[in-house]
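Take a look at the structure set out below.
The values are calculated or read from the model by the stated rules, or taken from the named source; none is laboratory data. Quick caveat, the model's predicted, so the values are computed rather than measured. Ideal geometry is used to build each Cβ from the backbone, glycine not excepted, and the neighbour counts take in all protein chains shown.
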Amino acid sequence: MSLLLLLLLPFAGALVAALLPTRARNVESAWTGLVMLASVASVASLFPTISEGGVMVERVRWLPSLDLDLVVRIDGFAWMFAMLVTVIGSLVVLYARYYLSEDDPAARFYSLLLGFMGAMLGVVVSGNLVQLVLFWELTSLFSFLLIGYWYHRKDARRGARMAFTVTAAGGLALLAGVLILGHIVGSNDLGDVLAAGDLVRTHPLYPLVLVLVLLGALTKSAQFPFHFWLPRAMAAPTPVSAYLHSATLVKAGVFLLARLWPVLSGTDLWFWSVAGAGAATLLLGAYAAMFQNDLKALLAYSTVSHLGLITLLLGLNSDLAAVAAVFHMMNHATFKASLFMSVGIIDHETGTRDMRRLDGLLRFMPYTGALAMVACAAMAGVPLLNGFLSKEMFFAETVFITGRPWLEYGLPALATLYGVFAVVYSLRFGHDVFFGPAPVGLPRAPHEPHRWMRAPIEWLVLTCLVVGIAPQWAIGPALEAAARPVVGGTLPVYNLAVWHGFSAPLAMSVVALAGGVLLYLPCAAWFKRRGHRGVPLLRRFEGQQIFENGLARVNLLARSLLRLLGTRQLQAQMLALVVVAGAAGLGSALIVPLEWGDRERVPADADFVLLWVAGAACAVGAAYQAKFHRLVALILLSGVGLVVCITFAWFSAPDLALTQLAVEAVTTVLFLLGLRWLPRRIEQDDPRTAPRAAWRRRRDLALAVCVGTGLAALSYAMLTRTAPQSISPFFLQNALPAGGGTNVVNVMLVDFRAFDTLGEITVLAVVALAVFSLLRRFRPPRETVELPPQQRAVPTGVRSDLVQPRADGDDERGYLMVPAVLVRLLLPVAGVLALHLFLRGHNEPGGGFVAGLVMAVALTAQYMVGGTQWVEARTNLRPSRWIAVGLLLALATGLGSLIVGYPFLTSHTAHFSLPVIGELHLPSAFFFDLGVFAVVVGATLLLLTAIAHQSLRAQRRPERVVPQKKGTP
C-alpha cells in the first residue's frame, strides 16, 4: 500500500463516517473498525522492511521552492508509534460501540475519532518538519472537538477550551522552533535534520530552538508547569480518554522529544531543562494521583506522572535511558488504555466513578475486576508484568548516573519515592473499588458488561502479561527496531530478561512496593473519607485556578482596552486607522528619508492632466456632498473610480482597467445597499451640533491632505527610482513557453502565483459566508423619524427607489417597467460578454476574476429590478454552491498535478485539433480560472443579496413616527 494512501485513509474514512446516518451505531462502528483494521494491516506489513534499520520514504512535490514537500517517512520508531495509534484505535472503536448510548450522535463521534487518528498518524510519519507541525495542530483541533463531544456539559466545554489553549499555544512555539531549526540545517527534511546534530548543537541559535521545541513538546504531553490541562480533559467520553491519554495526544510530546533526540540531546541545557521538567512532573503527578476520588482523575494524574518518567529518561543524555523511554511508551499505552476502559465499564454499569461510593465490586463484576487489578499491578510495576520491566530500566538509569553527589543520591531517591506513590494510587484503584462491603445507593445495580465491551481490555491485559513474562520473544524485535532511530542507529547493550540478579534497581523496586503497601494500609480509611478538599500542600498552586484567573484577567484587560479605545462609530475607527498608518509612514520616512530617483522623467500630457483634474474635482465634490446628499457623493465617488480605470488603460494595463470597471459597478451597488443602514444627517440643522460637526470636517480635511500628500510623495519616490532587480523580464519571457498564454497578468494569477490566488479566493469565500451567517438572523432596528405637523398622519416608510412589493408578496415589480425589461434582456448579453472575457483571458485582457465580476453585476441587476423572489424563482441560484464548486475545482486542479508527479498547481497545456474549430490549446490553468470565476460569482452574489435581504426586511417593517417638537424648523 502506498504510504501516502496510508496517511489519507483515516481522513477519507472520517468523511464517509460523517455522511452515514448519525444514529446508526452498528453501521458507524463497523465502518470505522474496517478503516482502523485496514490501517493496522497496512502498518504491520511494513515491519519486514524497517526491522533491520530500513527507512521508507515517499515524497510528493508540493512547493519545492519553499522546501515544502509532502513527505511520508517511516522508520522503526515511526512504525512502532503508528502501530500503537492504529491498534489501540481499533480496540477503542470496538469498546465505544457498547459504551455510547443510542442518543449520542455516532456519526460525529466516529468521524472525529478517525480524523484524530489521521492527524496523529500525520505527526508520526511526517518527513518534513513544517508538515509535522501542521498535523500537530490538527491533533489539538480534533482533541478539542472530542473532549467537548458532550458540549451540553459545562465541564466538557471548559476542559476542551483549556486543552486547546495550552496545546495550540505550544504548537505556535513549535512552529517557530522548527522554522529556525530548518534554517540552521538548511532543509526542513527530517532526514537531513536528524543527520545534522553536531551542527545544531554548536549553533548560536541552539538555546532558542531548544526552548521553542520544548514549549511545544511539554505543553502537549502535560509536563510541569503545563500539567494542569490533562486532568480537566477527563470530561470527554471514556473511549476518547482511553485513546487520547494512552497512545495519541499526550504521547505526541514525548514522541517529538524522542524524534529529535539525536539532534537536540547531549548538552547540559537539554539535561537540566528536559530532565528537570520530567522529574518535577513524575513526582507531582504521582503525589496528586493518590488524593483523587474520581477514577478518571486518578488515571489522569498517573498519566501525567508516567509521561514525566518518559521525559526524565529522555533528558538523561543516555542511550540506554532513551531505549528505556521507548520501551515505557509501549508499556504505558497497554496498561493505561485497559485501565481507562475499565473505568468506563464501572461508570457505565454503576453510574458513578466516585471511589467513596464504590466498594466490593469484585463480587458483582469478577471478570472486569480481575482485569483491572492486573492492569493496576502493571501500572505499579509488579514483577511478571510489562510495567515492571521498564520501571527496572528506569531505576537502573537513575542509579548509574554520574555527576554531582546530590544528583547521584537524589535522583534514585526521587525515583523510589515515585515508586511508592505509584503503588499507593494503584492500590487505591484496585482495593477501594473491588474489595470491601457491597456498595450502597449506586445509581445502577452493578453487573458485568457486554462480552465484546470487555474484549479490548482482555487483549490489552494479555499483552501486559505476555510482555512481562517473555519480553524478548514478545517485544524484543519491535523494541530494537523502534529504539534504533532514536539513539542514532547504533543500539546500546541491554537485556530484557525478567531476572537480572540481586541489584540496586531490584532493591529500589522492593522498597517501592513495600513502602507503598505500608503507606496505603494505615491511610486507606483517610483516603476514603476525604472530600473535595484538593491535594494537600498543593491547594494554593492549583493549575486550573491559575489558568482561569489568568484568562479572566486577560478578558478584563481586553474589556478595559475596548472601553478605552473602542467605539461603534465608523468615523472614529477610520480616523484611528488612518492616523496610525500615517504615523507609521511618517516614522519610517524619518528613519529612511525619502529621496527622488534619477529615472528619466516623462513630460506631462495635457489630456492626462485634465483627466486627473476631473478626478480630483469628483473627489472633492464627493467629500463636500457627503454633508448634504449621500447619493450625489456616491455618484461623484464613482467618477473617481472611472478616472482610475481610464488611468490603468492609459498606462497599458487593460486587465486592471477591466477589473477596476467591474469592481466599481459592484461596490456602487454595495454602497447603495449600505446607504439604508446609515443614520440620517440632521446635525447641520441643529445649532448645538453644528460647531462640532464643522470642526470634525476641518480635522478630516487636514488629515486627508496630509496623508494624501505623504502617499503622493512616496509614490513619486518609488516611480522615479530604477529597480535594481526587476522580476518583470522573467514573467515576460516565460509566460508563453511555461504558462501557455500571452496575457502575462492572467498567467501570473493562474500559474506562477496560483497558490496566492487560491488563498485569495479562499479568503473571499470565507468573508462572504461569514457576512451571510452574521446577517442571516440579524434584524435591523426601526428608525425614528421626526416629521412636520402636516405630515404626521402619513407613515414615512423608507421607500426603495427600485422595488415596490405587492400586497400578496408573490412578486416584486419595478416602478419603471422599461428599464426593468431592458435589464432583463441584457442578462444574456452580459453572460456572453463574461464568457468572452473568460475564454480570452489566457491570451488577451480578461480572465476568471473579471468575468466573474461581470456575471455577478448582471445577476445583481436582475435582483435590483425584479427582486429576490423573482430571480430565485426563475434562476434557482445557490451562491454557496457556486463557492463550494469553485473552491473544489481550483483545489482539484492543483491536486491533479500532484497525481502525475509535478508540484502542486503546476500548469500543463494540451493541444487538440478539432474538425470545425481547428487548432485548440487547453491549459490546465483553464479549470483553475473556472474555479476563480465560480467563487467570485458566488461570493459577490452572497454578499450583495444577504445585505439586500436585510434592507428589504427593514423596508417592510413599520416605523415609529415621533411628533416634531415645537419650534423645530
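Suppose the filter is assigned by TED's automatic domain parsing to the domain that holds residue 27 and under 18 Å from the mean Cα position of the chain (by Cα); does residue 181 pass it?
Spelling it out, it is not the case that residue 181 is assigned by TED's automatic domain parsing to the domain that holds residue 27 and under 18 Å from the mean Cα position of the chain (by Cα).
Is it true that some residue in the range 871-883 is of a type in the set (S, T, N, Q), buried (at least 19 other Cβ atoms within 10 Å of the Cβ) and modelled with pLDDT of 75 or more?
Checked against the condition, which is being of a type in the set (S, T, N, Q), buried (at least 19 other Cβ atoms within 10 Å of the Cβ) and modelled with pLDDT of 75 or more, the range 871-883 yields no hits at all.
I'm trying to understand the selection: among the residues of the range 483-514, which are assigned to a helix (DSSP H, G or I) and either without any contact (Cβ under 8 Å) to a residue 12 or more places away in the chain or charged (D, E, K, R) (or both)?
The answer is 484, 507, 510, 514.
Restricting attention to the range 213-228, which residues are crowded, with 22+ Cβ neighbours inside 10 Å and assigned to a helix (DSSP H, G or I)?
Residues satisfying the conditions are 213, 214, 216, 217, 218, 219, 220.
For every residue, the table says whether it meets (1) closer than 25 Å to residue 213 by Cα; (2) of a type in the set (A, V, I, L, M, F, W, C); (3) in the same structural domain as residue 249 (by TED's automatic domain parsing); (4) surrounded by 19 or more Cβ atoms within 10 Å (Cβ to Cβ).
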position	(1), (2), (3), (4)
41	no, yes, yes, no
50	no, yes, yes, yes
53	no, no, yes, no
72	yes, yes, yes, yes
91	no, yes, yes, yes
105	no, no, yes, no
118	yes, no, yes, yes
150	no, yes, yes, no
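In the range 221-268, how many are touching a Leu at 6+ places or on another chain (Cβ under 9 Å) and of a type in the set (Asp, Glu)?
Within the range 221-268, residues that are touching a Leu at 6+ places or on another chain (Cβ under 9 Å) and of a type in the set (Asp, Glu) number 0.
Might you let me know whether the range 326-339 holds any residue that is touching a Lys or Arg at 6+ places or on another chain (Cβ under 9 Å), surrounded by 23 or more Cβ atoms within 10 Å (Cβ to Cβ) and hydrophobic (A, V, I, L, M, F, W, C)?
Yes.
Of everything in the range 285-295, what is buried (at least 24 other Cβ atoms within 10 Å of the Cβ) and either assigned to a helix (DSSP H, G or I) or assigned by TED's automatic domain parsing to the domain that holds residue 245 (or both)? Give them in sequence order.
285, 286, 288, 289, 295
Of these, 163, 173, which one is farther than 25 Å from residue 75 by Cα and buried (at least 24 other Cβ atoms within 10 Å of the Cβ)?
Of the residues listed, the single one that is farther than 25 Å from residue 75 by Cα and buried (at least 24 other Cβ atoms within 10 Å of the Cβ) is 163.
Given the criteria modelled with pLDDT of 85 or more and buried (at least 21 other Cβ atoms within 10 Å of the Cβ), does residue 57 qualify?
no
Somewhere in the range 361-384, is a residue of a type in the set (Lys, Arg) and either surrounded by 18 or more Cβ atoms within 10 Å (Cβ to Cβ) or in a loop (DSSP other than H, G, I, E, B) (or both)?
Within the range 361-384, none of the residues are of a type in the set (Lys, Arg) and either surrounded by 18 or more Cβ atoms within 10 Å (Cβ to Cβ) or in a loop (DSSP other than H, G, I, E, B) (or both).
Hey, among 252, 280, which residue is closer than 25 Å to residue 126 by Cβ and either modelled with pLDDT of 90 or more or in contact with a His (Cβ under 9 Å, 6 or more places away or on another chain) (or both)?
Residue meeting the stated conditions: 252.
Being surrounded by fewer than 22 Cβ atoms within 10 Å (Cβ to Cβ) and in contact (Cβ under 8 Å) with a residue 60 or more places away in the chain is the filter here, so list the residues in the range 450-462 that pass it.
Hits for the range 450-462 are 450, 452, 453, 454, 455, 458, 459.
Return yes when residue 412 is in contact (Cβ under 8 Å) with a residue 24 or more places away in the chain, assigned by TED's automatic domain parsing to the domain that holds residue 499, out of contact with any Pro (no Cβ under 6 Å at 6 or more places or on another chain) and over 30 Å from residue 456 (Cβ atoms) and no when it is not.
Yes, satisfied.
In the list 182, 216, which residue meets the criterion of being in contact with a strand residue (DSSP E or B) (Cβ under 9 Å, 6 or more places away or on another chain) and at pLDDT 90 or above?
That would be 182, the only listed residue that is in contact with a strand residue (DSSP E or B) (Cβ under 9 Å, 6 or more places away or on another chain) and at pLDDT 90 or above.
Yes/no matrix, rows are residues, columns are (1) more than 41 Å from the chain's Cα centre (by Cα); (2) more than 26 Å from residue 246 (Cα to Cα):
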position: 396; (1), (2): yes, no
position: 417; (1), (2): no, no
position: 426; (1), (2): no, no
position: 446; (1), (2): yes, yes
position: 469; (1), (2): yes, no
position: 479; (1), (2): no, no
position: 482; (1), (2): no, no
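Restricting to the range 265-276, name every residue that is crowded, with 24+ Cβ neighbours inside 10 Å and either among the aromatic types (Phe, Trp, Tyr) or within 28 Å of the chain's Cα centre (by Cα) (or both).
Across the range 265-276, the qualifying residue is only 274.
The conditions are (1) farther than 30 Å from residue 431 by Cβ; (2) surrounded by 21 or more Cβ atoms within 10 Å (Cβ to Cβ), and residue 488 fails exactly one of them. Which is it?
Among (1) farther than 30 Å from residue 431 by Cβ; (2) surrounded by 21 or more Cβ atoms within 10 Å (Cβ to Cβ), residue 488 violates only (2).
Please find, among 258, 280, the residue that is among the hydrophobic types (A, V, I, L, M, F, W, C) and either under 28 Å from the mean Cα position of the chain (by Cα) or in a loop (DSSP other than H, G, I, E, B) (or both).
Exactly one residue qualifies, and that residue is 258.
Which residue pairs have Cβ atoms under 6 Å apart, sit 6 or more places apart or on different chains, and have a first residue in the range 648-664 that is touching a residue at least 24 places away in the same chain (Cβ under 8 Å) and a second that is β-branched (Val, Ile, Thr)?
Every condition considered, the pairs that remain are 655/745; 658/850; 659/850; 662/850; 662/854.
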